[in-house]
Amino acid sequence: MASTPRTTAPPRQAPLWGMPDNTCTTTDVGDAAAAAAALPPVGEYAIEADGVRVFYRHSGPTDPGSPTVLLLHGYSSSSYMYRGLMPYLAASGYRVVAPDLPGSGFTEVPRARRYAYTFASLASTLEAFVDALGLGRFAMYVFDHGAPVGFRLALRRPDAVTAIVSQNGNVCAEGLRMPFWEPIEAYWATASSSSSSSHRQNRAEQCRQAISGALELPTTRWCRSWGLPADVSAEHEAALAEACRLDQALLDRPGAKEAQLDLFYDYRTNLELYPRFQQYLYASRVPVLAVWGRNDPIFAPEGALALGRHVEEFEMHWLDAGHFALDGNEAQVAGLMRSFFDTYYVFSPF
């Protein structure tokens, strides 16, 4: 029998929205750090897939038959964003795998590979990575860019995905929050402009240059810090600063910014696939847990609510956070995931 979709009340919109009574609050990072000392470790590995040396993190069992959770990061992060979540999931017996997508983190793409930084390419590499590790069936956690990459994989391998956890991972037009997307949409518009080829090329370069100015540390900090509650701990602030420094250092490597600019331009192809992603959700009946930072300046809460309209087995939980809602909330999110997996028999053999 199908379960009734469950959702907490949506947030009230305001400059910094008030917290509903049933909103999850930020975990005390100091207590979480102490508890994490007894949790399973996170290992770092690399494997060849699709002509790419894919860096990934792993925690928990190595047995291919173990219940598996695949974590997909977004911009401007890497698998490093999951370093705090993975041990909590592994402690519950899950095999947890988090790759760095091409163009991000420590994944290495040989120049001779002539890699095209598109979301179709990222999905192909992810598919090869999944095969290389022998991940037959898995629950999928998607965030930001990781959402369209993961959903593209799901279209190719619908029977492989047992559940989806969407943490500010948007696949609905309602979720695109302005004004963040305005310069990116201007860049997209150059693809269909009726202007002459030279004028269109010049306009595209102008848009690209405008966006490239945002691929620097101030914007990297903004992505992680906007929408946080005012009472975050000193430990959380320190962890945020460390994550921003690593994100920016990786983004400053040769070729990394060009790869991200290519992906921003190609993001328009994800919008074209939104109807197919939504049809997949409806047809597959895959259960979905949405864990959403309600103050996200990039993907609005309306995207989470719209997601639920396409899913029969759906749970919604708001976090008092911004885009990187997982930061500082790892223990809480892990608990929500465990409960969700149990409620919907995600890893049941039947």
Name the residue from L319, L126, P99 whose Cα lies farthest towards the positive end of the charge dipole of the chain, charges +1 on Cβ of Lys and Arg and -1 on Cβ of Asp and Glu.
L126
Sorted by Cβ neighbour density within 10 Å, fewest at the top, the residues W292, W188:
W188, W292
Given the alpha-carbon gyration tensor of the stretch 63-175, what are the semi-axes of its equivalent ellipsoid in whole angstrom, ordered largest first, with each equal to the square root of 5 times an eigenvalue?
21, 17, 15
Go ahead and set up a Gaussian network model of the chain, Cα springs under 10 Å, then flag whichever of E174, E312, E205 fluctuates most.
E205
Pick out which of R253, R113, R156 has the largest mean-square fluctuation in a Gaussian network model of the chain, springs linking Cα atoms closer than 10 Å.
R113
Whole-number percent relative contact order across the chain, with pairs defined as alpha carbons under 8 Å at least 6 apart:
24 percent
Efficiency of FRET from Cβ geometry, D159 and A238, R₀ 56 Å, rounded to 0.05:
0.85
Mean projected area, convex hull of alpha-carbon positions in the chain, reported to one decimal in nm², is 17.4 nm²
Just want the ordering: R111, R285, R177, from fewest to most Cβ atoms lying within 10 Å of their own Cβ.
R111, R285, R177
Compute a Gaussian network model of the chain, connecting alpha carbons closer than 10 Å, and tell me which residue from A290, A214, A147 fluctuates the most.
A214
List F119, F264 from most exposed to least, where exposure is judged by having the fewest other Cβ atoms within 10 Å.
F119, F264
For the chain, what is the mean residue ellipticity at 222 nm derived from helices alone (per DSSP H run of n ≥ 4: -39500 (n - 2.57); sum divided by total residues; nearest 500 deg cm²/dmol)?
-12500 deg cm²/dmol
Gap in Å between the Cα centre of the stretch 96-135 and the Cα centre of the stretch 248-269?
14 Å
Percent antiparallel among DSSP beta bridges confined to the chain, rounded to 5, stands at 35 percent
The answer for the net charge of residues other than V109 whose Cβ lies under 13 angstrom from its Cβ, with Lys and Arg +1 and Asp and Glu -1, is -1
Whole-angstrom gap from the stretch 171-247 to the stretch 143-168, using each part's C-alpha centre:
22 Å
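Throughout, read-outs are computed from the coordinates displayed, never taken from laboratory work. If you're wondering where the values come from, they're calculated on a predicted model, not measured in any experiment. Positions of Cβ are generated from backbone atoms using ideal geometry, with glycine treated the same way; all protein chains shown enter the neighbour counts.
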